[in-house]
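S.K.: First, the structure itself, so that you have it in front of you.
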Amino acid sequence: MTSKKHRQMKRSVSMGFSIVCVLSGAMFTVSPVQAVTWNTETVDTVGNVGYCSLALDVSGLPHIAYYHEGVGLKYAAYDGSSWSVQTVESGYKGTYASLALDAAGNPHISYVDASGTYDNLRYAHYNGTSWSKQTIDTGNNTGRYNDITLDSLGLPHISYFDDWYDDLKYASYNGTSWSTETVDNGAVGAYTSIALDSSDNPHISYAELYAAGGKLKYATNDGSSWSTEVVNSGYANNDTSIALDSSDHPHISWGDSGGLTVLKYSVHNGSSWSTQTVDTGYVGSASSLALDGSDLPHISYLDANNPGRLKYAMHDGSSWYKEIAVDEATSGNTSIALDASGLPHIAYHHNIGYTGSQLQYISAVPEPSTFALLSVGAVGFPAFIPRLRKR
């Protein structure tokens, strides 16, 4: 593990905070405009950096798994003062990397081994001392668009695409062995995202392939069998991202490429799905979703109009607000996580002309005058909800 120096830039943007106060049984709201600084750090600068995945540990420190073309699967962790970067597995291994951290802050990574004739799904885990790596599915061209999450025991669950049979697949580890199964078949399974509910049952968002119409789909297992359904008949030809709220209801961000690509957001209220447009005009690719402590959505995504700017959107309970988080060329995917205060952290790729790309990381930090408490307070105490200036 080697220490790497990082570049840090700060850019102030306008972010408002709605302050909800309860006093003597009466509720009132004021909305002063506060300033937020986006801290930008370059994590890895060498060559072409590919698909990345971000997670925060219990201290709010970032960890990123990513593919470095020609080098392999890499893992970066920040200790509060500097980044350390290590190569987990060398060669053409590490594409479609997805990261989850266990209770001890140790990384679990699912990824694709593209070193042979056919792609295979791989899994790597660091136990605090050493890495262990194994192949999970050895079928022809399996593992693309994978996503990993951990259950209440810290055991991994992975959704992924079988490119040979065009199926959605699911792998889980019981502490002793892996099991894999087909969830949905027939030109489906691209752009998967997985989350587990309070009973550790899996929920997966994914897309049909173009030949089948490209509809956004959703699958869940109630503990005994899988059920699948169409969420929206738009053309979901971009990353989907799923998160479950405190009632275990699914929320999904996705890019609808029917005509102009637009960013959309679908949510199930317990009885039916509703979908709304968040942003329009060649935007919405590479979306990544997280819910805060109030079950409000935060989404990172790309704006292809300008070329590949990184944008951030959040909903304050009544309206969507959008902000340009990075006003420079970006590409690939984005990955978002929220800290304990509900502030966003995002990993992404920064294009550097024709020489390749580098891995970057940004975090929103309130300036000293900004209130940092972002959860609903008890009666008699103020609560602060972040709200971006509407664009």
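S.K.: Out of Tyr96, Tyr165, report the one residue that is under 28 Å from Ser287 (Cβ atoms) and crowded, with 20+ Cβ neighbours inside 10 Å.
M.R.: Being under 28 Å from Ser287 (Cβ atoms) and crowded, with 20+ Cβ neighbours inside 10 Å holds for just one of Tyr96, Tyr165, which is Tyr96.
S.K.: Mind listing just one residue for me: the one in the stretch 190-199 that is part of a strand (DSSP E or B) and not aromatic (Phe, Trp, Tyr) and, of those, surrounded by the fewest Cβ atoms within 10 Å (Cβ to Cβ)?
M.R.: Checked the stretch 190-199; the qualifying residue surrounded by the fewest Cβ atoms within 10 Å (Cβ to Cβ) is Leu196.
S.K.: Considering the stretch 200-232 alone, what residues qualify as being outside any strand (DSSP E or B) and in contact (Cβ under 8 Å) with a residue 40 or more places away in the chain?
M.R.: Scanning the stretch 200-232 gives Asp200, Leu209, Gly214.
S.K.: In the stretch 114-128, which residue that is within 18 Å of Ala77 (Cα to Cα) and of a type in the set (Gly, Ala, Ser) is surrounded by the fewest Cβ atoms within 10 Å (Cβ to Cβ)?
M.R.: Gly128
S.K.: Can you name the residue in the stretch 347-359 that is over 14 Å from Gly308 (Cβ atoms) and assigned to a strand (DSSP E or B) and is also farthest from the chain's Cα centre (by Cα) among such residues?
M.R.: For the stretch 347-359, the residue satisfying everything is Leu359.
S.K.: Being of a type in the set (Gly, Ala, Ser) and not in a loop (DSSP other than H, G, I, E, B) narrows it down to one residue among Ser287, Ser341; which is it?
M.R.: Ser287
S.K.: Considering each residue of the stretch 58-92, count those that are acidic (Asp, Glu), part of a strand (DSSP E or B) and within 27 Å of Gly342 (Cα to Cα), and give that number.
M.R.: 0
S.K.: Looking at the stretch 143-166, I want the residues that are at pLDDT 95 or above and have a partner that is surrounded by fewer than 22 Cβ atoms within 10 Å (Cβ to Cβ) and acidic (Asp, Glu) with Cβ atoms under 7 Å, at least 6 apart or on another chain. Which pairs are those?
M.R.: Gly143/Asp137; Arg144/Asp163; Leu150/Asp102; Asp151/Asp200; Ser152/Asp200; Gly154/Asp102; His157/Asp151
S.K.: Okay, moving on. If you check every pair at least six apart or on different chains, which have Cβ atoms under 6 Å apart with a residue in the stretch 238-263 that is under 13 Å from Ser287 (Cα atoms) and modelled with pLDDT of 95 or more first and a residue that is among the small types (Gly, Ala, Ser) and part of a loop (DSSP other than H, G, I, E, B) second?
M.R.: If the second residue must be among the small types (Gly, Ala, Ser) and part of a loop (DSSP other than H, G, I, E, B), the pairs left are Trp254/Ala236.
S.K.: Kindly indicate whether any position in the stretch 172-189 is part of a loop (DSSP other than H, G, I, E, B), acidic (Asp, Glu) and closer than 29 Å to Ser225 by Cβ.
M.R.: No, there is no match, as no residue in the stretch 172-189 is part of a loop (DSSP other than H, G, I, E, B), acidic (Asp, Glu) and closer than 29 Å to Ser225 by Cβ.
S.K.: Something else about it: Identify, please: which residue in the stretch 281-334 is among the aromatic types (Phe, Trp, Tyr) and within 19 Å of Asn351 (Cα to Cα) and is, among those, surrounded by the most Cβ atoms within 10 Å (Cβ to Cβ)?
M.R.: Tyr301
The values are calculated or read from the model by the stated rules, or taken from the named source; none is laboratory data. Owing to the predicted nature of the structure, the values given are computational and were not obtained by experimental measurement. Quick reminder, even Gly has a Cβ in these numbers, built from the backbone with ideal geometry, and neighbours come from all protein chains shown.
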